[in-house]
Structures are given as structure tokens and as C-alpha cells.
Amino acid sequence: MARRFENSTHGKWARRDILKGFTILGGACLVAPWLPARAADSPVKGGSLVMSLQTEPVGLVQGITTSSATSSVSPHLFDGLVVVRKDGSLEPCLATSWEVTDAGKTVTFKLREGVRWHDGTPLTSADVQFSIMGIAKKVHPRGTATLASVIAVDTPDPLTAVLRFSSPAPVIWRALYGNETMILPRHIYDTGKDDLFANPANIRPVGTGPFRFKEWVKGSHLVLERNPDYWHPAEPHLDSLIFKFIKDPAARTAALKTGEISYAPNNPISLQEVRAFQANPEFTVDFEAYRDAATLYFFDFNLRKPLFQDHRVREAIALSIDRNLLSRTAWAGLATPATGPIPAYQKSNYNPHTVQYPFDPKRAEALLDEAGHPRGPGGIRFTIDHLPNPYGEPDRRSALFFKQALKAVGIELEVKNFDTPTYLRKAFTDYDFDTHSAWYSSFLDPQIGVIRRFWSQSIKPGTPAANASGFADAEMDAVIDRIIHEGDEVKRHEAILEMQALAQQKLPSINLLELPMFRVYSNRLHDLPPSALQSFGPSWLQS
Amino acid sequence: MFDQSSRRRKSLKAVNSLSRSAVTILCVVVVNFVLMQMLPGDAAEVLAAESGSGSASTVIQLRQHFGLDRSVLEQFFAYLSNLAQLSLGVSPRFNLPVTELILSRLGNTLLLLLSAMGIALSSGVIAGVVMAANVGRWPDRLLSLLALLLYSVPAFWLGLMAIVFFAVKLEWLPTGGIVTVSQNNQGWDAALDICWHLVLPCLTLASFYVAIFARLTRSAMLEISQQDFVRTARAKGAGPLRVLLVHMLRNALVPVSTVAGMHFGALMGGALVIEVVFSWPGMGQLAMDSVMARDYSVVLGILLLASVLVIIANGLVDALHAWLDPRIAQD
């Protein structure tokens, strides 16, 4: 059945994926003899994995309180219907097979038999129905949009869930994995009360995953223990997962070095320390694990201001920023210049043929002169302010870099640093800025993470991480409409390529860098899942 | 007759100071509430932003959950009526009663504060006495230099260097946290484990105050050594050690304990930095996180508790003064 699905909609890609599979296999065969022999090849049972978390999560259920801290805990507690492999193909999880009928408007999932919640209740299709209709479509910050076309989930029998769509929605195949559309227990969440955020199970979760909740010592640590009734007979190998809340990056570095923690997610150490850890044979610095999130750093203009409505001004600013130098000065050389709104490593969506704005301060000055902004007293053409996001040292340093780069072409940039809530209010509610820099996750599909920057309907005051620049363009809206509603994968792909070309050509916002996202772990830890958003079911610790 | 009026005066004084404390606490509540309201941004936006994406409907639901759809006055009276029922309310962010959130950290913070204060006071006073007894000679010079060093080095830097040296290089002590999470210690082992974790944060926090108390004790001792009663004590034949410890030190402790009481509040502020550097699960970190998340019920609860703690600390200092110098009690 799984095969049938993949053939029916992924027919065009299947062959290419197989070819790619062969190359990877071939590569592995070639490389294997030079790899150091592993100390032990078969998984070891038992052991506790201690890891760090930068902040204490608010809740442990990613389907309800979505955050990066929660996303490091939740995948171990909950499963999704499917697992998305690195190449975009799907692997069964709670669903063992699925079938697409009715020209993409009906998808039938067969659920795995014998799966039980951590409290012993069996998993049924009613849980799937409630998780999608009653939770994800209601409170999930992305689910409300990605699952918009799901009109009903039918439950003909306890192990069959039928998703019905108003129009075909290819995007759901990149959103049905566990960390994005989590299957939650109906018998715990369907209480008749509206406030899902207040449910006590958000902090004492009941899931189906390989680990179950044990204890949470507020401010100190959180313990998950092996789920002995996990549906996968061989997993998990570890006895427990312990998350220590360590706020200071230097303290995390020290804890890794002393072996107090063996795994550290979400850019745990300062970028300057990365090279030292890469050179250390005891550790791995893994940049691949967050490619699902695909973070892109950008520079927004407030297009409500007449100054920035002139394409020449925006282009001049884009030409004044040397992205390679920006990466070296603020991101320890670990970021890659972006050529568009989708990172180049996301090959299935990426468009390499778009307009580029390579560093050229001379041309920038000519454009500014032409736009009627000559250098005035003190060599200043005009003064604007800049609102950097306050999430880290590299962001602040980048803002200072912009200040210097723009000074060179005669633009005075006043950097305004605030704490997070003030920043959010200014950037996304009051639109109180001239220019703004931030990074968004693009996610597996541009419909989930990219179009929000360019869609007129994403201009929603009071909503963080939406369209802050105020860019509203009929041509762009038409392309985005095709991305959302086109059922045919090939035509939809064309729309995705076109969206990138338009974003580069119209330049409502400068795409700066593909940011480095990484995790650091001890080499005693084996068989980690390829994505940081998957569970440690198969992972084990060498003793 | 005399006894009764004195008792009445005493109870009047107690009522007076209690009502003064109550007014202080009410002022703390009002000022903090107004300050929190003046900060831009709100808890719903912060929580929505943590997801990295937002949908307008999610933000609206979050705002309802946080009670932010009510007017500021309504929110304030709801808080006051909670407080009147001796409840600090519920943190909508963590979905836990504020009292539970704070009490789970209060012990850790008090452990850190009191042990740091104890170490700072005892070693500061000893150093001060040694300096005063050897004024101008090498022990005085050396300790003065050391005190100057501790006084001027920022605590977070000292903490980080202590981690690098004692935890990473020598591997004597843990880098942070309060317990070894991978061991499930019980009883004495657990207590010992906490002590090991306490050493570095406690010493780092104490360092600055050791310097303050040492310098203060030294100058107080030197000032007192010029006074008539010290000469009298020496003249009547008291040994130098007795003069130093009984006659001089007891009097020098009055200004030292006054300053210690005043610094108790500052010490709580200093503990915040130490808590972050050493991942110590205390109230300071919770306060900081709650301000950044605009979770005002928690912030107000902590500030309230902190002001109560400061009031208690000052009360204790008053009692200590009365014991050190009976003349103070008679006023």
C-alpha cells in the first residue's frame, strides 16, 4: 500500500530518488574501508543519555506549545502518522500504509495494531481525528494553515482514519511527521473545555513514543524513561533520557568537555568554539540534523515607508552587504551566502536561476545618486533605523556589520537593540522600524515556512514571524495561490521556482545567509536519527 | 506598673513595624504591577514567537488563556483579590500555581544565599581582624591586595574561570546544576552531592562580599582601637587577644552587620548571575525568565517574596544589634 502511494503521486521523482539512492550507496561502499572501525557494531541496551537544553520548555507537547526547547523533548514522547526521510520519501510510523484516492482529495491511513498510550489506553483512529480536527487545526501555529484544506477525518473503524480535503494539498506530506502533526490522546485532551493550553497533560504528557514521562524538577532537569510497551519490539535501547537546563553557553561547553552531558541540541555552543569541537575526536558537530528546519537569515525593509518603495534604494542596500564577510565576521564563517528565500541544500525546492545582488558598493552609490539621495553634510545620504532580532550574539554582531557596510555608501544606520517582547511588539504589531533583520525556518515545504514572508495575507498585526515588511504584490500573491491550491506536483514545483525568482527580482527583503544550525554530541552516542526532530528510539550509548 | 507600660510600648512597636511592613509590601505590589504593565510586549506574543511561526488565531487563543483580553484594572483587581486570599495566582505560561513554582526554587536560592552570606561574613570578618591586628605589615598588605582583587573582578567571570579550572581542567567539582542527574542519590549521598555542587557557586557569589566585609571590619576595628574604652581595657590588664576579640570586635560587628543586612537584597540580585552561570535552579533565574516572558504573576510573586525576605533579614539584623549592643534595645 505504501508503494502504491509513492507511485501514484511521486512517480516522477521515484526514479530519480532510486538513482540518488544508488549513488549514496555507492559512495558509502567507497568510503567505508577508510572509516575507523566502530568499537561495537551492535546496539548496547541500557544507559542514561544526559543532554542539555538552553531553556526550560514551557510544555512538553510540541503539538500544543511549539518551541525549540519542546521540539527537543517531544519527539521521544510522541509519534506521528509517518516519518519523513531525508530524501523526502515517507516511512511508516503510527500509520502502516496509506492510499490516495479521489484525485488527491481523500487519503486513507491504516493504523498500526496494538499501539498503546503510556497510560495503557489503546490508540485508535478517534485519536487521529481529534489530533487533526480538534488540536492541530485549532491551536498549532503552522497546522492552522497547512491543514486548512482538511474538511473532515472519518473513522470507519478503530484502525482506519480517512482524511478528506476540500482541494488536494500536497503540502501535508511534508507536515504529517510526528514533530509537526503530533498524534495526541483524545481521552486526555477532549475534556469539553476549550483551553487546550491549560491541560495538565502538557506538563505530564501521555504519548505513544519510545520514552515516557518520569519526572520534571523545575529549573533543574527533566527525566524520560524507557517505554517498555513501545510498538517497535527492539526499541528503545536507552533506559532514560535526562534533559539538564543549562542556560549559559560557556557552561554547556564545559559540561560537554567533562562528559556531564553527551548530547547538546540547538546551537549549544558559541560559534567560535565550533572549530575546536570539530577538531576533537571525541565529539561530532552535526550540521545536517536541522536541515528540515532550513533557517534563512534576511534583511527586511518596512515597505510602508516611501523611501523603501523605490527598488533602487533596496537594491543599493543589497549591493552594499558583502555576505561572505558578514558570515566571517558575525557567524564565524559557518554561514553560507543565500541566493534566494530557500536554502540551496533544499534541492527539491531550490531555484538556482534567480537575480543576484553581488557585493558592489560603487554601483550601490550610483543607484542611490540616481534615486535622488546624494551625499549630504558629513557624507550622509539619509539616516534610517534597524531592528535586529535579539536571539543571539551573532544577530547583534550582524547588525553592527550592516551599520558599517551601509556607512561606506553614505547611509547612517541606527541599530536599536531591545529585549525579546519589546522587539516582537515593534517588529510584528506596531511595525515600528525602517529595516529589520531576522531568520525564519523554511521547513520542508515553502508553503509552511517561506511564503509567509511574501504573501499579502500574512500581513497580520500581532502575529510573530509573519510578513513584517508589508509586501503585498498581486503577481506574488497569484504564484503563492498556485503553490497552495495546485494538486499536481509538477505544476506546483514550477510555482515554487517562480516564487523564488519573483522574490529575488522584486526584492522586498534581502536574503542574506543560510544559517548554520547544529548539534554537538559525544562519539559514544551511536545511531542517532538523521533529523534532530526524530526520536532516540534507535540510538544507544557505548559503555 | 513600669513593667506593664514597657510591655505595652513593646507591643505597640511590634504592631507599628508590622503595619509598616504591610504598607511596604502593598507598595511593592502596586509599583511592580504598574512597571510590568509599562513594559512593551505581552506573554501571548512571546509564547507564540517561541514556536518560530505564528497564526493570528493561535495568538488570540493564547491571549485569552493568559487573561490578557481583560482590561488592566480587571487584571489588577483579580490579582489583588487572589493575594487577599493568600494565593499568588497561577502562571498561565507554565500552568502551575505561582506558589508551587516559587517554592520549588526558594530552598535552592536560600541555600545559596545563606551559605554565601555565611562564608562571606565569617571569612571577611576574620580577614578584617587579621588585617587590623597587623596593620601596615605584610599580612595586611597581602590581604588588602586580595580583597581589592575580589572586589574588582566581575562575579560571572570569576565563576566561568572557576568552572574552567576546577571542573574542566582538574575535574574536582561539577560544572553546574544542583545534583548529579544521572545518579539517583538518596539520603546522605544526596546531601553530599548537593554540597559538591554548592562549592563553586557559593564561593563565587561570596567573593565580592568577602572583600566588602574584610575592608569594613578592618576600618571599623582601626577606628575603635583609638577609642577610650579600648585604652581602659588595656590599662586594666586585659590580654591583647581579649581586647581584640571581646572589646573591639564586638563593637566592630555593629556596622558590619548593618551593611550585611543592607546587602542582603543586593546579594539576591548577584545570585541571579551566579544561578545562570552555574545552572543553579534558583529564584533569580525564574525571575529573569519570567520578565523576559512577561509572565507577570510569577514576577510579582518573586518580588513579593524577595521583599518579605529583605524585611525578615532586616528584622534579624535589628535583633542582632540589640544583642551586640544592649543600648540599642533600650531606645
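Assorted remarks:
- Count Lys and Arg as plus one, Asp and Glu as minus one, and take only other residues whose Cβ is under 12 Å from that of B:V130; the net charge is then +2.
- Diffusion constant of the stretch B:2-84 at 37 °C, which comes from Stokes-Einstein with the Kirkwood Cα-pair radius and 0.692 mPa s, µm²/s: 202 µm²/s
- Per residue of peptide A:241-247, the mean number of Cβ atoms on other chains within 10 Å of the residue Cβ is 4.
- Accessible surface of the stretch A:292-514 [probe 1.4 Å, protein heavy atoms]: carbon and sulfur percent: 53 percent
- Taking the chain by itself as reference, the stretch A:450-490 contains these residues with an accessible-area loss of 10 Å² or more in the full protein complex (1.4 Å probe, heavy atoms): A:R452, A:K460, A:G462, A:T463, A:P464, A:A465.
- Looking at the protein assembly as shown, the DSSP beta bridges with both ends there are about 75 percent antiparallel.
- Part-to-part distance (alpha-carbon centres) for the stretch A:250-267 and the stretch A:98-170, which is given in Å: 39 Å
- Chain B, helix-only ellipticity at 222 nm - DSSP H runs n ≥ 4, -39,500 (n - 2.57), divided by all residues, nearest 500: -25500 deg cm²/dmol
- Across peptide B:209-220, the average count of Cβ atoms from other chains found within 10 Å of a residue's Cβ is 0.
- With DNA, RNA and ligands ignored, accessible area of A:H187 (1.4 Å probe; Å², nearest 10): 80 Å²
- Working note: Cα atoms of the stretch B:23-145, range along each principal axis, descending, whole Å: 73, 39, 27.
- Chain B, Cα convex hull volume normalised per residue, Å³: 207 Å³
- Calculated log₁₀ intensity ratio I(q)/I(0) where the Debye formula runs over C-alpha points of the protein assembly as shown, q = 0.06, 0.07, 0.11 Å⁻¹: -0.49, -0.65, -1.40
- Once the partner protein chains are put back, the stretch B:147-180 shows a loss of at least 30 square angstrom of accessible area, versus the chain by itself, at B:L160, B:V168, B:T175 (probe 1.4 Å, ligands and nucleic acids excluded).
- Annotation: amide H-H contacts under 5 Å for A:L53 (H modelled 1.01 Å from N, sequence separation of 5 or more, or interchain): A:K244, A:F245, A:I246.
- Shape of the stretch A:414-525, Cα gyration tensor, a/c cut at 1.5: oblate
- Neighbour net charge for B:G107 - beta-carbon separation under 14 angstrom, K R +1, D E -1: 0
- Separation of alpha-carbon centers, the stretch A:403-454 and the stretch B:192-261, rounded to whole Å: 55 Å
- Nearest 10 degrees, 0 to 90: helix B:56-65 Cα axis against chain B principal axis: 50 degrees
- Proximal lysines to A:K247, defined as alpha-carbon separation beneath 22 angstrom and excluding residues fewer than eight positions away on the same chain: A:K218, A:K257, B:K169
- For the residue pairs A:K214/A:K347; A:K110/A:K491; A:K86/A:K244; A:K403/A:K460; A:K105/A:K426; A:K45/A:K86, the alpha carbons lie more than 31 Å apart in A:K214/A:K347; A:K105/A:K426.
- A probe of 1.4 angstrom, applied to the heavy atoms of all protein chains, finds A:K110 with accessible area near 80 square angstrom.
- Between helix A:311-320 and chain A there is an angle of about 80 degrees, using the helix long axis and the longest principal axis of the Cα atoms.
- Length-normalised contact order of chain A in % [C-alpha pairs under 8 Å, at least 6 apart]: 19 percent
- Accessible area expressed per residue, the protein assembly as shown, with surrounding protein chains retained (probe 1.4 Å, Å²): 44 Å²
- Nearest-20 debye value, chain A charge dipole, Cβ charges on Lys, Arg, Asp, Glu: 460 debye
- Dipole size of the stretch B:2-84 about its Cα centre, with +1 on Lys/Arg Cβ and -1 on Asp/Glu Cβ: approximately 940 debye, rounded to the nearest 20.
- Alpha-carbon centroid distance for the pair the stretch A:310-348 / the stretch B:78-142, whole angstrom: 48 Å
- Folded to 0 to 90 degrees: helix A:489-506 orientation relative to chain A principal axis, Cα: 30 degrees
- Carbon-plus-sulfur accessible fraction, chain B (probe radius 1.4 Å, protein heavy atoms only): 69%.
- Cut-off 15 Å between beta-carbons: net charge of the residues surrounding B:R250, Lys and Arg +1, Asp and Glu -1: 0
- Here is the interface size for B with A: some 4100 Å² of accessible area buried, both sides summed, with a 1.4 Å probe.
- Note on chain A: helix-only mean residue ellipticity at 222 nm, from DSSP H runs of 4+ residues weighted -39500 (n - 2.57) and normalised by residue number, equals -8500 deg cm²/dmol.
- Hull volume in cubic angstrom per residue (convex hull over the Cα atoms of the stretch A:292-514): 114 Å³
The values are calculated or read from the model by the stated rules, or taken from the named source; none is laboratory data. Keep in mind that this is a model prediction, so the values were computed, not measured. Positions of Cβ are backbone-derived with ideal geometry, glycine not excepted, and every protein chain shown enters the neighbour counts. What goes into the accessible areas is simple: the full protein's heavy atoms, side chains included, and nothing from ligands, DNA or RNA. Shrake-Rupley method; radii C 1.70, N 1.55, O 1.52, S 1.80 Å.
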